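A.B. asks: Please read through the structure below; I'll follow up with questions.
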Amino acid sequence: MPHSLSAKKRVRQSIKRQRRNRQRKKTAKVALKKFSALLAQKDISGGEAALRENIRLLDRLASKGTLHRRTAARRKSRLMRAFNALQASPPSAPASSPAAAP
């Protein structure tokens, strides 16, 4: 339990920062889930927009100090890798069994 005025103020400030950082991280997590859902649906155009939004959010979190800049860079890299893998995969053709072909 803090006794001095300055220690009490530091506690108030840290609680305020903790709430702010939690909200920012929660926003980023929701955006990441939206991006993952679009990737699962193989929606390239929607995925590209969600990717841009995620990159913008991660850059903002890093600049504000909520996330470390290298953590943000690593997450952006993983998002880009997943999106590029989706783009590189050929579009799914109708399922045809090789035994049915003459």
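The values are calculated or read from the model by the stated rules, or taken from the named source; none is laboratory data. Here the structure is a predicted model, which means the values were calculated and not measured. FYI the Cβ positions are ideal-geometry reconstructions off the backbone, even for glycines, and counts take in every protein chain you see.
A.B. asks: Cβ contacts < 7 Å: first residue without any contact (Cβ under 8 Å) to a residue 40 or more places away in the chain, restricted to the range 52-77; second residue exposed (fewer than 15 other Cβ atoms within 10 Å of the Cβ) and part of a helix (DSSP H, G or I), any location; separation 6+ or different chain. Result?
C.D. replies: From the range 52-77, the pairs are L57/T27; A62/R69.
A.B. asks: Filter the range 43-96 down to the residues that are at pLDDT below 95, among the hydrophobic types (A, V, I, L, M, F, W, C) and not in a helix (DSSP H, G or I) and list them by number.
C.D. replies: Answer for the range 43-96, where residues must be at pLDDT below 95, among the hydrophobic types (A, V, I, L, M, F, W, C) and not in a helix (DSSP H, G or I): A93, A95.
A.B. asks: Do the conditions hold for Q18, that is, is it loosely packed, with under 13 Cβ neighbours inside 10 Å and within 20 Å of S89 (Cα to Cα)?
C.D. replies: Judged against the criteria, Q18 is not a match.
A.B. asks: Let me ask something else. Output the residue which, of all residues in the range 1-42 that are assigned to a helix (DSSP H, G or I) and of a type in the set (S, T, Y), is farthest from the chain's Cα centre (by Cα).
C.D. replies: S6
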